[in-house]
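K.L.:
Please find one structure pasted underneath; my questions will follow.
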Amino acid sequence: MTKEEMFMSEAIALSAKNIQDNEGGPFGCVIVKDNKIVGRGNNKVTSKNDPTAHAEVEAIRDACKNLNTFQLDDCEIYTSCEPCPMCLGAIYWARPKIVYFANTRADAAAIGFDDSMIYDEMKKDLGERKIPIKNISREEAFKIFEAWKNKTDKTNY
């Protein structure tokens, strides 16, 4: 067994345990740095009443807490399923060096976790989306962006 397969087995074990524990859907994730697991997560959407509590997001939060950082440079993500659009965004913000996944998005769709609507929505203009998204108060909000741009003691990310 390769090291990648070993870490993926850990992510898959978390997804299997999640079925028994009824914390959420059948998804698990581990984050690895220097061949050591630094973060673990399983889907907790229904147990936390939190639609953002996907396995990858939970694992990113755990790893960042454990590493005392807001980025996962030089980390590897092992997730039991291809990341959904939300998790993919979180992964890109976390900046790991690689992501490994087991089940595909088509496999997830076949058991009732179909993200295709979100992928389709992202391609549409704002006015054509199923949930209305309207731009308001930009002038007021943009002043804050200008203040951030000019701030000299900020932490860039």
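K.L.:
For region 74-157, take N as its residue count and report Rg(C-alpha) divided by 2.2 N^0.38 Å.
P.N.:
Working it through for region 74-157, the quotient is 1.52.
K.L.:
Additional query: Express in nm, to one decimal, how much length is gained between Phe145 and Asn22 on full extension, taking 0.36 nm for each residue of separation and deducting their alpha carbon distance.
P.N.:
Gain in length upon complete extension: 40.1 nm.
K.L.:
Let me ask another. On the accessible surface of the chain, probed at 1.4 Å, how many percent belong to carbon and sulfur atoms?
P.N.:
It is 54 percent, rounded to a whole number.
K.L.:
Assuming R0 = 25 Å, what is the FRET efficiency of Met6 and Leu67, from their Cβ-Cβ distance, to the nearest 0.05?
P.N.:
0.75
K.L.:
Could you give the alpha-carbon Rg of region 37-110 over 2.2 N^0.38 Å, rounded to two decimals?
P.N.:
In units of the 2.2 N^0.38 Å rule of thumb, it is 1.05.
K.L.:
For the chain, what is Rg from Cα atoms divided by 2.2 N^0.38 Å, rounded to two decimals?
P.N.:
That ratio works out to 1.20.
K.L.:
Using Cα pairs closer than 8 Å and at least 6 residues apart in sequence, work out the relative contact order for region 70-157, in percent.
P.N.:
Normalised by residue count, the contact order of region 70-157 is 23 percent.
K.L.:
Could you list, in their original order, any pairs among Lys17/Lys65; Lys36/Lys65; Lys3/Lys65; Lys123/Lys143; Lys44/Lys65; Lys3/Lys97 whose Cα atoms are separated by more than 26 Å?
P.N.:
From the list (Lys17/Lys65; Lys36/Lys65; Lys3/Lys65; Lys123/Lys143; Lys44/Lys65; Lys3/Lys97), the Cα-Cα distance tops 26 Å for Lys123/Lys143.
K.L.:
Taking only Cα atoms and a 10 Å spring cutoff, compute GNM fluctuations for the chain and point out the largest among Glu23, Glu76, Glu140.
P.N.:
Most flexible of the set in this elastic network: Glu140.
K.L.:
Taking the solvent-accessible surface of protein heavy atoms with a 1.4 Å probe, what is the per residue accessible area of the chain in Å²?
P.N.:
It amounts to 67 Å² per residue over the chain.
The values are calculated or read from the model by the stated rules, or taken from the named source; none is laboratory data. All of these numbers come straight from a predicted model, not from anything done at the bench. Virtual Cβ from ideal backbone geometry, glycine too; neighbours counted across all protein chains shown. For the accessible areas, the whole protein counts, side chains as well, though only heavy atoms, and no ligand, DNA or RNA atoms are used. Shrake-Rupley method; radii C 1.70, N 1.55, O 1.52, S 1.80 Å.
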